[in-house]
Amino acid sequence: MVSFQKTLGILTLTGALLTTGACNGGLLGNILGGGQQQQTSGQISGSVVGTDIRNQRIEVRDNSNNQTFWVQYDNRTQVTYRNQGVSPTSIRQGDNVSLQVQNNGNNSYYTNYVQIY
């Protein structure tokens, strides 16, 4: 009987966690207009709030909902400014940008393309 109750408790907890996860679209879901179904990628326009060159990431404030979040980049990330390719280290606080963002899970985001305008 104790084993059955323990199993039932674990199944109930697992179900509650799965339900919570399914109902929570997460930050990226909100940014991309999701909410009911979390999206894994999308385009975002906003302004650069901060940069962290050592950790290869930029902090962006989304124009559509005013939320800020950090986005990773790497040496494969394409950055353009006035139709010219530039280094990701050229991105500065205050720049207006459009990014292609991918959700890596755990509120971790990556961009493979940034346009500075």
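This table checks each residue for (1) more than 11 Å from TYR109 (Cβ to Cβ); (2) of a type outside the set (Val, Ile, Thr).
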position	(1), (2)
THR40	no, no
GLN43	yes, yes
VAL49	yes, no
ASP52	yes, yes
ARG61	yes, yes
GLN67	yes, yes
ASP74	yes, yes
ARG82	yes, yes
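Screening the range 58-117 for residues that are touching a residue at least 60 places away in the same chain (Cβ under 8 Å) and either of a type in the set (Gly, Ala, Ser) or assigned to a strand (DSSP E or B) (or both) and picking the one that is surrounded by the most Cβ atoms within 10 Å (Cβ to Cβ) gives VAL101.
Out of everything in the range 94-110 that is at pLDDT below 95 and not small (Gly, Ala, Ser), what residue ends up being farthest from the chain's Cα centre (by Cα)? Looking at the filtered set, the residue picked out is ASN106. A count restricted to the range 28-57 and to residues that are surrounded by fewer than 14 Cβ atoms within 10 Å (Cβ to Cβ), assigned to a loop (DSSP other than H, G, I, E, B) and modelled with pLDDT of 95 or more stands at 3. Looking at the range 44-66, which of its residues are aliphatic (A, V, I, L, M) and over 13 Å from the mean Cα position of the chain (by Cα)? Within the range 44-66, VAL48, VAL49, ILE53 qualify.
The values are calculated or read from the model by the stated rules, or taken from the named source; none is laboratory data. Computed from a predicted structure; not experimentally measured. Don't worry about glycine lacking a Cβ; one is built from the backbone with ideal geometry, like all the others, and counts go over all protein chains shown.
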